[in-house]
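Read the structure below first, then the notes.
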Amino acid sequence: MATFNDAYKLVVKHEGSYVCDSDDSGGETYKGISRRYNPDWKGWDIVDKYKRSYRGKPLSKVLDSDNELELMVRNLYKDKYWDIFELDNIPSQTIAYQMFD
């Protein structure tokens, strides 16, 4: 059976870190989580706190070292993109990953 942890490691590796690109349809994103499409995600409170503290400085390093924020990212991916499709029940990790991604 497929496992969330294996799939998550691959997805988050490709999603990167913090980006705020006006040309990106998702707008501001953190590890692939778009503020436009996930405006109520509580992780934005943490991102905003760091944005106020680190004005004009690269945020990725400090955001990526926040354990609480990392847990919030994992939980969002698991709840909204893994569990909703019951991917634990897929016998192939490859297929589950493709559906998850």
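The values are calculated or read from the model by the stated rules, or taken from the named source; none is laboratory data. Everything numeric in this text was worked out from a predicted model, so none of it was measured. Glycine also receives a Cβ, built like all others from the backbone with ideal geometry; neighbour counts cover every protein chain displayed. Surface accessibility is based on the protein's heavy atoms, side chains included, excluding ligands, DNA and RNA. Shrake-Rupley method; radii C 1.70, N 1.55, O 1.52, S 1.80 Å.
The set of residues in region 1-57 that are closer than 24 Å to PHE100 by Cβ and of a type in the set (Ser, Thr, Tyr) comprises THR3, TYR8, SER17, TYR18, SER25, THR29, TYR30, SER34, TYR37. At positive phi and in contact (Cβ under 8 Å) with a residue 24 or more places away in the chain: is that true of LYS31 in this structure? Spelling it out, LYS31 is indeed at positive phi and in contact (Cβ under 8 Å) with a residue 24 or more places away in the chain. Of all residues in region 1-34, exactly one satisfies the criterion of being hydrophobic (A, V, I, L, M, F, W, C), surrounded by 12 or more Cβ atoms within 10 Å (Cβ to Cβ) and assigned to a loop (DSSP other than H, G, I, E, B), namely ALA2. Total residues in region 40-93 satisfying the condition of being of a type in the set (A, V, I, L, M, F, W, C), more than 18 Å from SER17 (Cβ to Cβ), part of a helix (DSSP H, G or I) and open to solvent by less than 100 Å² (accessible area, probe 1.4 Å): the figure is 2. Among the residues of region 17-32, those that are within 12 Å of VAL73 (Cβ to Cβ) and either touching a Leu at 6+ places or on another chain (Cβ under 8 Å) or not polar (S, T, N, Q) (or both) comprise SER17, TYR18, TYR30, LYS31, GLY32.
Filtering region 1-23 to residues that are among the hydroxyl-bearing types (Ser, Thr, Tyr) and within 21 Å of PHE85 (Cα to Cα) leaves THR3, TYR8. Against the criterion of being open to solvent by 100 Å² or more (accessible area, probe 1.4 Å), within 15 Å of the chain's Cα centre (by Cα) and among the hydroxyl-bearing types (Ser, Thr, Tyr), TYR37 qualifies.
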